[in-house]
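Values in this text are rule-based calculations from the coordinates and carry no lab data. These numbers were taken from a predicted model, which means no experiment stands behind them.
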Amino acid sequence: MPKVKSKSTAAKKVIFKTPTKGKEAPVSPEQRYKMIAEAAYFRAEKRGFVGGDVAQDWLDSEAEIDRLLQKSSASAKDEITTKQAFQKKLEAQLKEWDSKFAALTAKAQGAKTKIQAKIESEIVVLSNKRAAAQSTLRELRQRTGGAWVDLKIGAEKTWEEMHEALDRVISRFR
């Protein structure tokens, strides 16, 4: 007699067919039907194909597959919401930096020639770091699924370096 698979093993086997490289693929009605059919088959197999009710196996499997698909869909939506919140945080930080750049530029224009040159050279360095941060944000927007999470770590490091450099320059010229 073949090895009997548990209900949870059957469901996992079916569900893992849908993801594609960190991104949940939409499930077509045909795919859903096949998932339910496989899960119902495994339920009957678990009983040794003896007794039970085929219709009830189908209904139980349908409920299980729908619950798993709904759970998968909800986690994908949560990930999108998290990504959007992170992007908004970075965009707000860029706007804040831009206002600080404007203040530094104004200070440079009103400063003596020697100090003005130092401030302007620091502004060039900060502008390059800001451009790198903007590039990171653009790349983050293009990433989908779990791939954006890998970039998030690098973005946070870039943002921290930019924040420290800007604070250092501002405190030096107060």
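Its alpha carbons considered, the range 43-174 gives a radius of gyration followed by a Dmax of 26.7, 94 Å. Measuring between alpha carbons in the structure, the pairs from Lys71/Lys152; Lys89/Lys129; Lys95/Lys118 lying more than 20 angstrom apart are Lys71/Lys152; Lys95/Lys118. Compared with the direct C-alpha span, the chain from Thr113 to Asp150 gains 8.9 nm at full extension, assuming 0.36 nm per residue.
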